[in-house]
Amino acid sequence: MRMGAVNLNFVMDEQGRPVYSVSFRDKPVILPSHLGFVLKEDSSFYHDFELTGTDKKSVDETWQPVWGETREIRNHYMELRVHLRQKKSPHRLLDIVFRVFDEGVGFRYEFPRQPDLKYFIVSDERTEFSLAGDHKTFWIPGDFDTNEYAYATTKISEVDNRVMVDTSTAIAVRVAPDPYAVQTPLMMKTRDGLYINIHEAALVNYPAMQLHVNRATLQLTASLVPDAVGNKAYLHAPFQTPWRTIIVSDRAANILASKMILNLNEPSMIKNTAWIKPTKFVGVWWEMQTGKSTWNYSDFPDSVGADGKPIPNGRHGANTENVKRYIDFAAKNGIGAVLVEGWNTGWEDWFGNWKENVFDFVTPYPDFDVREISSYAAARGVTMIMHNETSGSATNYERQMDTAFRFMNRFGYRSVKTGYVGRIIPRGEHHDGQWMINHYLRVAQKAAAYQVMLDAHEPVRPTGLQRTYPNWLACEAARGNEYNAFSNGNAPEHETILPFTRLMGGPMDYTPGIFKIKGYSSTPGRQIHTTLVKQLALYVTLYSPLQMAADFPENYEAHPDAFQFIRDVAVDWDDTRILEAEPGSYVSIARKEKGRDNWFIGSVTNESGRIAVMPLDFLDKDRKYVATIYADARNADWKTNPEAYTIKQFLVDSQGQLSIAIAPGGGAAVSVVPASAEQAKKLERFPKIFPAEK
């Protein structure tokens, strides 16, 4: 079955095993690979099947997301459904559904309603992805509890995660028993120029899929995250698994442009979505990450003063006056919301003790006046973002979710940032196992019931469920900007890999916008591994409808000209164009603001400087625009001179292109708005290159 350049082939082999293969422009992408399961009740549920029939259909439709990278999405595919039955008694049934798109293939298993398969346990999934070569691969370890590793770039035959797991001591919880397991989304590039991405879509009531690498045969096998007793999934027919996705192209930009994962998710379950509003925010957060202040009110978890109250340490960040300062800054600069972490009691012994009852999510510290803060913010047109850290105790959070969300409604909190730092309770469960997958979804559903938007930190990596639950605006689920505060940081290439890996499944709360690149830490030599301008570019290249301006207000006030881009840049879009891209090297993206004629462009590079060449043919014909260029200065460098930048305006149109010099570890950010008649007369045209070569 073929759609454009993508071809799917399905057969049954002589052992009665279902086999599929995928090619792109007649080049092999996935060689013949087997499908099926090992069930607790049936260890042979992957062979000795017979094909009893097939169904085919074609779908071509469009739909509009509540928010997103484009105003409209086309969902065009051909579907093949194969019906299988075991040859031997009890003749259990299994369907496999394939959907072929212009950019790849998605497939899932469906267990029909049947008399001899009702409640059952999955011991293993036998899905294979047999690769056609020893591809260049961008990977992190297949860890049951975290996605917060730095990326490795190796051949598939060189995958071995042991050193990375052992040395990644800045990550709170690491459980990676298989040294040859990698996480999805997995990005690969073949010797002959194909780009291949493997992930999953619509992960519901099932554990996350990691991939075991057979380094000798170059075969990847689905590896499901187990529960506390070693089982993978507890199911009840009828049931359908998440989709397994293979996106392929001979252009890296097409991988980033794909909407296949979103299309494989169900439409919105929320009927009234008018309350769901993307926004930018600032917050009391970076000062705790850098050690300027603390989450905890007291340094003595087991002691109180003579007055019977906790002994304040004098460094608590979430105090009323400090929060008001952030509210004032947000109001002054048109930023919609303020996040405050460390506002509620319990932070004195919240981490590392595997303690179940840590937070109650409604009791503020003595120096945080929730009523006064909420009233102060509302009077200034700013909303507050709640912070609910669970310390991994999902059981405690589930018991108190209604109380927590009622509290948010009472005090006007329209969004919540959840956190799952630490080992999971129920004890023995993992962040990416079936129990927690269901927990994250319950939180999203509960938040929707109270009309609260959700930003989940330390969860499973996303799989497109933001289509089904559009109040689930963002996730962390990767190594974010915070690692520059308390570890060896993120290499300059990191932000050029993330769009091809973690962001394939959904938006990321990366917390960009750090302006003080050096000198923010008491640790000698610690710095952000980007230029200041690259921090601006991340607002475009790392997509999220919930974007934080993460630095201190005073650091923005020191650079008001550069901060103007953060003030201006949108968070919701009508159109997105991938201008140029190469995983691990560079990414340049242009986005059109929702409901307006303004475009914003971001370009980032790795440790090598380059000239970003970005055609402007997406602009309206016969119209002039003002391009405000935020560029690295000629002498900028992420190591030696990271805060050097230059800003200038030029006249541009759809016939031209931007050629911008980007420093090592640097970036470029551009706002493009329609020009007035006066600007069209006065502004100079964009030169051959900017900044001009010496």
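The values are calculated or read from the model by the stated rules, or taken from the named source; none is laboratory data. Fair warning: this is a prediction, and the values are worked out from it, not measured in the lab. Here the Cβ is made from the backbone with ideal geometry for all residues, glycine too, and neighbour counts use every protein chain on show. Protein only, heavy atoms only, side chains kept; ligands, DNA and RNA dropped before computing areas. Shrake-Rupley method; radii C 1.70, N 1.55, O 1.52, S 1.80 Å.
Points worth noting:
- Spin-label zone in region 628-670 - amide nitrogen under 17 Å from a point set 7 Å from the Cα of residue 681 along the C-beta vector: 651
- Apportionment of accessible area to carbon and sulfur, region 224-346, percent (1.4 Å): 53
- Lysines whose Cα lies under 25 Å from that of residue 324, excluding same-chain neighbours fewer than 8 positions away: 277, 280, 292, 309, 332, 417, 516
- For the chain, share of DSSP beta bridges that run antiparallel, in % to the nearest 5: 85
- Sparse-neighbourhood loop sites, trypsin sites (Lys or Arg not before Pro) in region 337-388 - DSSP loop, at most 15 other Cβ within 10 angstrom: 380
- With at most 16 neighbouring Cβ atoms within 10 Å, loop GluC sites (Glu not before Pro) (DSSP) excluded, longest segment of the chain: 73-355
- The trypsin sites (Lys or Arg not before Pro) of region 404-502 that meet both conditions, a loop assignment by DSSP and at most 12 other Cβ atoms within 10 Å of the site Cβ, are 427.
- Within the full protein context, the accessible area of residue 217 is estimated at about 80 Å² for a probe radius of 1.4 Å.
- Residues listed by number, region 20-44, amide nitrogen under 20 Å from residue 54 label point at 7 Å toward C-beta: 20-36
- Backbone phi angles across region 648-656, fed through the Karplus curve with coefficients 6.51, -1.76 and 1.60 (θ = phi - 60°), yield HN-Hα couplings of 8, 9, 9, 8, 9, 8, 5, 7, x Hz in residue order; Gly and Pro are listed as x.
- Over the chain, accessible surface divided per residue gives 36 Å², non-protein components excluded, 1.4 Å probe.
- Restricting region 318-377 to chymotrypsin sites (Phe, Trp or Tyr not before Pro) in coil, as DSSP defines it, with at most 16 other Cβ within 10 Å: 351, 354
- Sulfur and carbon atoms: percent of accessible area, region 453-519 [1.4 Å]: 51
- Residues of region 87-129 with amide N under 17 Å of the 7 Å Cα→Cβ point at residue 81: 93-100, 106-114
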